[in-house]
Amino acid sequence: MWGRAQGARAALVFLVFCASPQARAQTPAETGERLFEENCAGCHGERISNPNDLFDLKELRKDQRARFDKSVREGKGQMPAWEGTFTDEEFDGIWAYIRSVAD
Ligand code: HEC
């Protein structure tokens, strides 16, 4: 049997969970940021800081989406191919995130 204190605590935990950022819908750029930090930041740096002096993704211009798609999906040099790792929507999100930092 749950006492009132446990019940209240469970309700509080539930409320905190609902108010947390993960529980609300994310914009494409927010999804992209999460995916970038999890998958790309190891080489390209947190917030695309380019600590390893690779190609700086912030240099990609708005009209270079096709280049982004090709390099990222097929891989380039030391970078592995990401085709199949992400959905089209997730690629859109990563691009939106790069744009949000670069523009
Ligand atoms: C293992 C390290 C590594 C990871 C992880 C990595 N990259 Fe790269 N990336 C590189 C390297 C190295 C280059 C430079 C490739 C070259 O020009 O030879 C590069 C280049 C790029 C380029 C520019 C390619 C061009 O057209 O010149 C883009 C865009 C890019 N990465 C996006 C991403 C994204 C998005 C992710 C995460 C999904 C990612 N990278 C993860 C190493 C990595």
(Q) Projecting each Cα onto the charge dipole of the chain (Lys/Arg +1, Asp/Glu -1 at the beta carbon, about the Cα centre), which of 27, 96, 85 comes out farthest on the positive side? (A) 27
Q. Taking the Cα atoms only, what angle lies between the long axis of helix 4-19 and the longest principal axis of the chain, rounded to 10 degrees?
A. 20
Q | Efficiency of FRET from Cβ geometry, residue 83 and residue 53, R₀ 25 Å, rounded to 0.05 | A | 0.45
Q.
Net charge around residue 37, counting only other residues with Cβ within less than 12 Å of its Cβ (Lys, Arg = +1; Asp, Glu = -1)?
A. -2
Q: With label points built 7 Å along Cα→Cβ from the Cα atoms of residue 24 and residue 63, find their separation and express it in nm.
A: 3.7
Q: Place +1 on the Cβ of every Lys and Arg and -1 on the Cβ of every Asp and Glu in the chain, take the dipole about the Cα centre, and give the residue among 54, 16, 41 whose Cα lies farthest towards its positive end.
A: 16
(Q) Tell me the mean residue ellipticity at 222 nm calculated for the chain from its helices only (DSSP H runs of n ≥ 4, each -39500 (n - 2.57), averaged over every residue, nearest 500). (A) -17000 deg cm²/dmol
Q.
Against the empirical 2.2 N^0.38 Å scaling, what ratio does the C-alpha Rg of the chain come to?
A. 1.47
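Each value in this text was obtained by applying a stated rule to the coordinates, not by laboratory testing. Note that the structure is a prediction, hence the values are computed from the model and not measured. FYI the Cβ positions are ideal-geometry reconstructions off the backbone, even for glycines, and counts take in every protein chain you see.
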